[in-house]
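The values are calculated or read from the model by the stated rules, or taken from the named source; none is laboratory data. A quick note: this is a predicted structure, and the numbers were derived from the prediction, not measured. Glycine gets a Cβ as well: all are built from the backbone with ideal geometry, and neighbour counts include every protein chain shown. The accessibility values were calculated without ligands, DNA or RNA, using every heavy atom of the protein model including side chains. Shrake-Rupley method; radii C 1.70, N 1.55, O 1.52, S 1.80 Å.
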Amino acid sequence: MTTDTIIVAPIGGQRAVRRPVSEGRALPARAPAVDVPERVFRIRSADSYVCRQSANSLLKQRYAWRGYHAVSLPSDQTTNRITLSATENDDTIGTITVALDSAEGLSAEDAFPAEMEALRRDGVRVCEFTKLAIDPISGSKRVLAALFHVAYIVAHRIRGYDALVMEVNPRHVRYYERMLGARVIGEERLNRFVNAPAVLLTIDFAYIRDQIEAFGGRVDLDADERSLYPYAFSPREETGIIARLMTAQTPASASIN
């Protein structure tokens, strides 16, 4: 890509505000009125060495905190493996990797070979969302939703895959069921890569597409629609993301397209 930035968005939906100015009264220890800048984050394709190292650092930190075996990103992108990162002021606050099914296979089939084979036998073009990490201080629902949305765009809208699978800790299953509409297709097994229990989830991209069309960009619906989809980008923003990904390609980063 000619630039690694895919989209810039407000991190929490807040707007720039201005602190009030006193009407002639002395207000000791009070700063003059200033504009409070809006916090924004960027979704990037982790093509560069620096971007991948930063994403890798967050990934290792979050997995170690959970007590998992160390994990790391491969040294570079490929046509079948794309890493995205969310950054604020060049600090990585989130990352996710999209692994597209190929002759190399997917890591989920180590613990769930029968379930993965069943999907393929049914003609489902499947990909894997993996190596997800969100900074607990700087991250937010908006950041997580944005990473999932751009990963969905890459896998489904651009590359034409039908569904995703994810291996998650059993404690997190209800969260992904409620927040993304995931369903369980593989009961608890040991994920040998992180030496921890895992459950296999799947989500049809057609379902995600319907939810984004109904709720994307509608944070005002959050109180009633208890999912991540109101925090996703709007259909209009999605169209812009697709256009940028389709036109900003270079031979060095043909992994997206």
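Amide H of Ile7 versus every other amide H placed in the peptide plane: which residues, excluding those fewer than 5 positions away on the same chain, fall under 5 Å?
Those qualifying (amide H under 5 Å, at least 5 residues apart or on another chain) are Ile43.
Please give the FRET efficiency for Val124 paired with Ile158, using the beta carbon to beta carbon distance and R0 = 25 Å, rounded to the nearest 0.05.
That gives a FRET efficiency of 0.90.
Would you calculate the separation in nanometres between label points at Ser57 and Ser102, each defined as 7 Å from the Cα along the Cα-to-beta-carbon direction?
Result for the modelled spin labels: 2.9 nm.
Quick one: if you stick a label point 7 Å off each Cα along the C-beta vector at Ser48 and Thr79, how many nm between them?
Output for this residue pair reads 2.7 nm.
Could you list which residues have their amide H under 5 Å from that of Ala46, counting only those 5 or more apart in sequence or on another chain, with H placed in the peptide plane?
It is Thr83, Leu84, Ser85, by chain and number.
Quick one: ranking Val219, Val168 by accessible area, 1.4 Å probe, largest first, what do you get?
Largest accessible area first, the residues go Val219, Val168.
Accessible area of segment 62-110 with a 1.4 Å probe: how many percent of it is carbon plus sulfur? All intermediate terms of the calculation are to be shown ahead of the outcome.
Working: 960 of 2220 Å².
Carbon-and-sulfur percentage of accessible area, whole number: 43.
Go through 147-155, 192-200 and give me the packing order, highest mean Cβ count within 10 Å leading.
147-155, 192-200
Give a residue-ordered list of calculated ³J(HN,Hα) values for segment 164-173 (Karplus: 6.51 cos²θ - 1.76 cosθ + 1.60, θ = phi - 60°; whole Hz; x for Gly, Pro).
Taking θ as phi minus 60°, the curve returns 10, 10, 9, 9, 10, 4, x, 5, 9, 4 Hz for segment 164-173.
Taking θ = phi - 60°, what integer Hz values does the Karplus form 6.51 cos²θ - 1.76 cosθ + 1.60 yield along segment 78-84, in sequence order, with x for Gly and Pro?
My calculation for segment 78-84 gives 9, 5, 10, 8, 10, 9, 10 Hz in order.
Lys/Arg Cβ at +1, Asp/Glu Cβ at -1, dipole of the chain taken about the Cα centre: which of Ser48, Ala108, Gly186 is farthest positive-ward?
Ser48
How large is the charge dipole for the chain, taken about the Cα centre, if only the Cβ atoms of Lys, Arg (+1) and Asp, Glu (-1) carry charge, to the nearest 20 debye? Kindly include the intermediate steps, with their values, before the conclusion.
Details: 32 positive and 32 negative charges, 155 e Å.
Result for the chain is approximately 740 debye, rounded to the nearest 20.
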